Structure formats: structure tokens, C-alpha cells
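Asker: Please see the structure below; I have some questions.
The values are calculated or read from the model by the stated rules, or taken from the named source; none is laboratory data. All values reported here derive from a predicted model rather than from experimental measurement. No Cβ is skipped: glycine too gets one built from the backbone with ideal geometry, and neighbour counts run over all protein chains shown.
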Amino acid sequence: MTQSPKDQNTLAKKARRRSQSSHENILKATVELLEEVGYVNMSIEGIARRARVGKQTIYRWWPSKAALVMEAYTTVVAKKFPIPNTGKVQEDLEVIFCPLFKVLNTTTAGTALAGIMTEAQNNPELAQAFREQFVASRRTVIKTILESGIKRGELRKDIDLECAVDSLYGAMWYRLLLAHAPLDENFAQILIAQLLKGIQV
């Protein structure tokens, strides 16, 4: 029996809802497992069980575990730390880095992120996905804040944006990976203030 256009449209809508729900469940399960067991110890099978989907559903949407993990983590972080717009560079940067450093210092997110960085040194596929998705997206956020500061006349026009971003994230990674000093809100404020002294008008 041939379905009517109305019936076909209804089925299509249901499929989209199921697909969207499954997609969100997979991303959520991926982040949960990443922060529970780390990148090396998590598997597509484990993610599928946690998300209550078939393995083939995951393989149909992502070519590898690395691609899935990076999309999941990038999506979650983007939701937690969107681009702020307070009208002041210092406040915008503090909105990003103060809660970020707190999360990395007080939850399993810090361990998970450090684990990804460590594994990426010996896993070219993960390293590429990490740079192209997670790192690139977070650098874009900071460059957007700094570019807005230049347009408002807060920052010098001749600043090296890449170097400024490296100064902030480089310090974050250094303390996260070496744990030689606290990675906390106080450090975020000091780091931002010190950077701005060198690039403000």
C-alpha cells in the first residue's frame, strides 16, 4: 500500500526527532565516559551502551572515536562557555577563563582534557581532530573577544592576536599538565590583567 504524502511527512518528522535525540544522547554519553574513564579506556561499544543506540548508528555518523570525542567535547564546551559580550575585554576574558579554570581544577574535566592532550602526542588522528575542532574553536572565541576590543579602541591595533591567544591558553596548558601551581580563578585574573598591560592602548 502506497503511503500518502501526509503519512510520509509524519514518518520523516519522527525519524528526525529520533535521530536528533540519538545524536544528543551519543554526545552526552561520550563526554560522560571521557570524564569517567579517559580517552584510552573508552570505546564505541561503551558509548553505544550508555547512549542506548546501536554501534552502527555511531559508525554511520562518525568515522572514528577521535572524531566523535572531539565533536562531543567541543559541543559541550561551546555551550558552557559561549562568546561573552560585556563590552569590556577584561570582563569578557574573565567570563571565559575564571569558570573554565575552576572546572578544570575541581572536576574530572581537567583530567579528561589532560588525557586527551597526552594521548594526542602518539595518536595522529586524535591530534588532528583535537587541533581542528576543539583547539580551533576555543581560539576563535578568544580572538573574537580581542578583535572586538581593538574595534572599541581598548587594545592596540598592532597586537599579534595569535601570540596573545597563545599567552592565555599556553599558561592554562602548562599548569594543567604540570600541576606545579594552582590553576584557579585567581590565576585567571592575574594572567588576564598581565596580558592586558602589554596590549592595551
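Asker: Take the residues in the stretch 114-145 that are more than 22 Å from residue 178 (Cα to Cα) and surrounded by 17 or more Cβ atoms within 10 Å (Cβ to Cβ), then tell me which one is nearest to the chain's Cα centre (by Cα).
Answerer: Out of the qualifying residues, it is 133.
Asker: Now for a different question. Pairs, please: C-beta under 8 Å, at least 6 apart or cross-chain, first residue in contact (Cβ under 8 Å) with a residue 12 or more places away in the chain and in the stretch 60-74, second in a helix (DSSP H, G or I) and of a type in the set (Lys, Arg)?
Answerer: 72/28
Asker: Residue by residue through the stretch 43-77, note down the ones that are among the acidic types (Asp, Glu) and either assigned to a loop (DSSP other than H, G, I, E, B) or within 28 Å of residue 142 (Cβ to Cβ) (or both).
Answerer: 71
Asker: A further question follows. Counting only residues that are in contact with a Lys or Arg (Cβ under 8 Å, 6 or more places away or on another chain) and without any contact (Cβ under 8 Å) to a residue 40 or more places away in the chain, which one in the stretch 165-190 is surrounded by the most Cβ atoms within 10 Å (Cβ to Cβ)?
Answerer: 165
Asker: May I ask you to list pairs of residues, at least six apart or on different chains, whose Cβ atoms are under 8 Å apart, with the first in the stretch 132-158 being on the phi > 0 side of the Ramachandran plot and the second being outside any helix (DSSP H, G or I)?
Answerer: 153/201
Asker: In the list 45, 91, 32, which residue meets the criterion of being at pLDDT 95 or above and under 19 Å from the mean Cα position of the chain (by Cα)?
Answerer: Matching residue, one of 45, 91, 32: 32.
Asker: State which residue is modelled with the lowest pLDDT when the search covers only the stretch 1-29 and only residues that are in a helix (DSSP H, G or I) and of a type in the set (Val, Ile, Thr).
Answerer: Here the answer is 10.
Asker: Output yes when any residue across the stretch 78-85 is at pLDDT below 95, surrounded by fewer than 13 Cβ atoms within 10 Å (Cβ to Cβ), of a type outside the set (Val, Ile, Thr) and not in a loop (DSSP other than H, G, I, E, B), and no when none is.
Answerer: Yes; the residues of the stretch 78-85 include at least one that is at pLDDT below 95, surrounded by fewer than 13 Cβ atoms within 10 Å (Cβ to Cβ), of a type outside the set (Val, Ile, Thr) and not in a loop (DSSP other than H, G, I, E, B).
Asker: Hey, residue 115 hits all of (1) at pLDDT below 95; (2) touching a strand residue (DSSP E or B) at 6+ places or on another chain (Cβ under 9 Å) but one; which does it fall short on?
Answerer: Condition not satisfied by residue 115: (2).
Asker: Might you let me know whether the stretch 191-199 holds any residue that is modelled with pLDDT of 95 or more, out of contact with any His (no Cβ under 9 Å at 6 or more places or on another chain), polar (S, T, N, Q) and surrounded by 14 or more Cβ atoms within 10 Å (Cβ to Cβ)?
Answerer: There is no residue in the stretch 191-199 that is modelled with pLDDT of 95 or more, out of contact with any His (no Cβ under 9 Å at 6 or more places or on another chain), polar (S, T, N, Q) and surrounded by 14 or more Cβ atoms within 10 Å (Cβ to Cβ).
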